[in-house]
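Just below is one structure, and these are the notes that go with it.
None of the figures in this text is laboratory data; all of them are computed from the coordinates on show. What you see is a predicted model; the values in this text were computed from it and never measured. As a convention, Cβ positions derive from the backbone with ideal geometry for all residues, glycine included, and neighbour counts pool all protein chains shown.
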Amino acid sequence: MKILSSLKYNFSVLTVERYRRIGKKQRKLRSGVVVFIALLLSFMLTFGVYKVVESFSTSKRKVNDLMLSNIMIKGNEIILKVDGSSYNLSNDIDNLKELISKFKASRFSIYYKTKPIVKSSLVKPEIVVLNGKGEKNLAMNLSLVMITNNLNVVNYGNAKGSVKDSLIIVRAPIDQDYINEISSLARITNVKILIDSDILPPTTAPILVVLGKDYTLVK
């Protein structure tokens, strides 16, 4: 009887000990799961922050990368090929000037597919004067003034409809001193860097002087 009770006691001790071991294993397993989840959450948070930072830096580099991937250099001419005429040249103007200086380019062109949008001499960039005011001979008279001052005016005409404010549109990486000379002579300080606009007739000229309703020619 004593032997039997002793066996029962030993059996119960072994059973309790076994359950304790199982409990320890479960606790270790739970701890491992908690650690794994914590590491996973930490990784996801780090990855999320990295993606946010990358998106900001990519947005700053996007236009530049696009520009560089579409640049062709043929002799002394730099050609920029774009996927659409809405390409924002102002984001790349400094990079293009640096590239032009590096390769000592004397010409610059922009193509949309196979169609030329801009064809520019960088030595003496071409200028077109557009009348958006409707006043007779206004564009012609300013053109004569500019030609007299050795600026390369190649044409003049009318803008598409009336224009409220006069402006100078620059569509190529032109030297700033040249732009300042045009601005001073035409007495127009509003300078925009862009490729296309609703007010422009078909032209590949790199510089467009647009005379608006606010313009008065000073003789």
Which one of G157, I179, V128 has its Cα pushed farthest toward the positive end of the charge dipole of segment 127-211, where Lys and Arg give +1 and Asp and Glu give -1 at the Cβ?
-> G157
Sequence neighbours fewer than 8 away in the same chain don't count; with that in mind, list the aspartates and glutamates whose C-alpha is under 17 Å from K104.
-> E77, D94, D175
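State to the nearest 20 debye the size of the charge dipole of segment 127-211 about its Cα centre, where the only charges are +1 on K and R beta carbons and -1 on D and E beta carbons. Spell out each step's value before the answer.
Numbers: 7 positive and 7 negative charges, 56 e Å.
Dipole of segment 127-211, to the nearest 20 debye: 260 debye.
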Starting from the Cα of K113, draw a straight line to each of the aspartates and glutamates and keep only those under 16 Å, dropping any in the same chain fewer than 8 residues away.
-> D83, D196
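Once you've got the Cα coordinates, tell me which of K81/K160; K74/K124; K115/K213 are over 24 Å apart. Let's see the in-between values first.
Numbers: K81/K160 26 Å; K74/K124 19 Å; K115/K213 32 Å.
Violating the 24 Å limit, Cα to Cα: K81/K160; K115/K213.
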